[in-house]
Structures are given as structure tokens and as C-alpha cells.
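Below: the structure, in C-alpha cells.
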Amino acid sequence: MPMSSQFFPRAIYPEVKKHLSAKQITVITGMRRVGKTTLIKQLLSEITSTNKVYLDLQQINNRELFASKNFDDVLMHLKQAGLRATEKMYVALDEIQLYPEISGVMKYLYDTYDIKFIVTGSSSYYLKNLFSESLAGRKRIFELFPLNFGEYLTFRQVAWLQNNIDFAKMKFSAHEYERLRAYYAEYIEFGGFPEVTLMNGIDDKKSMLNDIISSYVNIDIKSLADFRDSGSIYNLIKMLAARVGTRLDNSKLSRLTGLSRITVANYVSLFEKTYLISLVQVHTHNVDREIVKAKKIYFADNGLVNILAEVGSGTKFENSIFNQLRQRGDVRYYALKNGQEIDFVLDRRIALETKETPTIDDETTLLALSKMAGIKEFRIIGRHAAPKYRNYIWGGDIK
């Protein structure tokens, strides 16, 4: 059962709240159940004006408000919903990807009336296409992901300190490690979906995660792709989960699933555009000619990985670190054809290697690879306390 129903602010919240005063459409996008609805409702509550309305487009009757080809009729429907056109109107629309025709009427109302739209959607592909032409220049998109570890601690009502964001200066703290390591272990195991985080029981957490992936396949993907066999989609997702942290091989996935290579590639692209996975590019520089170029795959949330596939603890840790890093900048990886690899390169300037229990030898190896990659800064990121080595960043300090 959930532990609390109160609102816990997300890291992105101040920036989104500030945008409420802008004329532009405020767009919040992200995967199913990451907290978009909670966020949009909280934003609406921050608006002091009473001339506002929240409409969930999962409800057919709300979609019908925008169905008329006469856009002035749409305004009439909004008035019937309680809005006054004589003053600034605030309209919050939840899950707009469910009604693709809405972009035209939004453009008309935006250009004609004093109206502020705050909208959510769960597909970056759909939203970018929706806004690319008809609403070009009229919006700002904010991406919402599952909780980072700092947000996770906030949801669990555990005090934490913002560590120095400069990786070069971050130091291992035995006190913080002992205080937070149990929470970090749970975060790595069950991920950062808000509802999952607020549940106490393991069975409840697993049930919610299963519901999230089932809804993702049967609702989100089904609404965006033409497919008849949801089982083949689910099997492909499971195979991708089992390959977290490895290089994507569509040909092998095609053989294993029985789907054509182009079909696999199209689905993988759709999974990325709907926030289920991330494909990480290789870091290159003009001297190195012996690198591999395949992208590596990571999942948006560790909890999903754990219910979809059996992966090692090191893989879980690496996937979690990727999601902790992705909100800090551009994440890539480095690998030579001889198999040597650097897990992550952040913003092309710092090499980061994940190790469950780091050693001085890991640092020596990373130093050599960093030189080959043309990167001056490097750090080891560890999960467990090392007995004789302290020159590393504890994963739980990346918040």
C-alpha cells in the first residue's frame, strides 16, 4: 500500500513552475506513471486565478470538447466547462497523444485568445511531430523521468545533502554510505517510479511494475504502432532487458524473435521514443580509428529490468548509474574492438567506470583507457565500500 499521498516536489518542478508565466505552451512528457499527472495538477493548483480547468483526455467526453471543426465551438465548450474568455484562461490537458487532432484547435486558441496551455504526453515521437509544424515556436518541452536517487529519498522522507556536482571533487563518505546504503540497494532493485517507491510491500511493488509494463505495451505502444501480436512485442522487450549495458544487435534479435530485422529496428526506435529505453552512442575522437560504433542499450528504470529479465547485480548497478547520469548531461561510452571499454563518458570530458567493489587496479586501467580516448578527467563509481580504496564516487552520492 502507498505510504503517503502528499505532493513531493520533483527536481524539475521549479523550472516548470517558472514557465507558467510564459505565453508558450508548457509541455511535460515522459513515460507512463512517472508522475506527469501529479505534476500538472500541482502546477494548476499553484495558479491563483480561478479561471482554470483540468481535462483528462483519457476520458472520451473530454476529447469531444475539442472535436468540432468549428474552433469557436470549442471555445464555447470550454466556457461550458467553467472558463471565462474575458480574462486569461489556463487549460491543463493530460495525455494529449490520445487525441492527435488537437494541435489545430490548440494553435487557433493560442493565437486568438489569452490562453495558457499546460499539457502532458507519453511519447516524445508523437509530441515532437505534433508540435513540429503547427505549433512551432509556441511551446517548451520538459522531460520527466523516473525518480533520481535524491528524489527517491525525498519521496521516502529521508534527509539528504546535495553533493558537489563536480565529479572531480566528489569524495567517498563512510557516514553517508552507512546511512543511505539500504535505501540505495532498494532503489537499484525497484527503480524510481513514484507509485512503486511509495509502496511498502515487495509484492505490491512487483505488481505495480508488471502493471506499468503491461499498460505500456497494450495502451501506449498499441496506440502508436500497427501490430497484432502483443506477445512478440513483449518478448522483444524482455530480450532487450536481458541485454542492458550491451551493444545493440538487431540482427541477433531478429533471429531470436522471428521478427524481420527492419521490424526489430522500428520497434527499438519506438521504445526509445516512448522513453522505455535509451540508446547510447559511442564517444569518438579524430585520432582513434579502432572503435566500435554500435549503440548500447539501457532501460529507463531498474524496476522494469528486474521484472523482465534476470540480470547480474553489476548490470543493475550500471543501468541505475546511467539513469542517474542522464539527467546531468550527454552520456556516451567508449570501447575498442579488442573489448576494452569505458562504461560512460559524460559531456565528452570525464570518463566514468562502474564497479561494484572498486580497487586501485580499476583506477589504473581507467587511467590508461582515458588517455587512449583523449579524456583527461576520470573517476570510478562504486556500489559497495571498498576495504582499502577510497578514491571513488559512491553511486548513492549521484543525486
When only residues in segment 218-249 that are small (Gly, Ala, Ser) and either in contact with a Ser or Thr (Cβ under 8 Å, 6 or more places away or on another chain) or more than 30 Å from ARG332 (Cα to Cα) (or both) count, which is modelled with the lowest pLDDT? SER223
Check on TYR108, under 19 Å from THR37 (Cα atoms) and aromatic (Phe, Trp, Tyr): no
Of the residues in segment 12-35, how many are within 18 Å of GLY150 (Cα to Cα) and in contact with a Leu (Cβ under 9 Å, 6 or more places away or on another chain)? 4
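To keep it simple, each residue is scored yes or no on (1) over 27 Å from SER123 (Cβ atoms); (2) surrounded by fewer than 18 Cβ atoms within 10 Å (Cβ to Cβ); (3) of a type in the set (A, V, I, L, M, F, W, C).
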position: THR284; (1), (2), (3): yes, yes, no
position: LYS293; (1), (2), (3): yes, yes, no
position: PHE299; (1), (2), (3): no, no, yes
position: GLY303; (1), (2), (3): no, no, no
position: TYR333; (1), (2), (3): no, no, no
position: GLY339; (1), (2), (3): yes, yes, no
On the basis of being assigned by TED's automatic domain parsing to the domain that holds ILE188, in contact (Cβ under 8 Å) with a residue 12 or more places away in the chain, over 20 Å from GLY314 (Cα atoms) and among the acidic types (Asp, Glu), does ASP343 make the cut? no
May I ask you to list the residues in segment 235-256 that are touching a helix residue (DSSP H, G or I) at 6+ places or on another chain (Cβ under 7 Å) and surrounded by fewer than 17 Cβ atoms within 10 Å (Cβ to Cβ)? ASN235, LYS238, MET239, SER251, LEU256
The correct count of residues that are among the charged types (D, E, K, R) and within 13 Å of GLY245 (Cβ to Cβ) in segment 292-342 is 5
Could you please let me know if TYR110 is closer than 24 Å to TYR54 by Cα, buried (at least 16 other Cβ atoms within 10 Å of the Cβ), under 23 Å from the mean Cα position of the chain (by Cα) and modelled with pLDDT under 95? no
Condition first: in contact (Cβ under 8 Å) with a residue 24 or more places away in the chain, in a strand (DSSP E or B) and surrounded by 14 or more Cβ atoms within 10 Å (Cβ to Cβ). Can you find one or more residues in segment 360-376 that meet it? no
Given the conditions (1) at pLDDT below 95; (2) more than 22 Å from the chain's Cα centre (by Cα), report the number of the one that LYS273 does not fulfil. (2)
Filter segment 315-331 down to the residues that are crowded, with 22+ Cβ neighbours inside 10 Å and β-branched (Val, Ile, Thr), then identify the one that is farthest from LEU279 (Cα to Cα). ILE321
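The values are calculated or read from the model by the stated rules, or taken from the named source; none is laboratory data. Everything numeric here is computed off the predicted structure, so don't read it as measured data. Please note: Cβ atoms are built from the backbone with ideal geometry, for glycine as well, and neighbour counts cover all protein chains shown.
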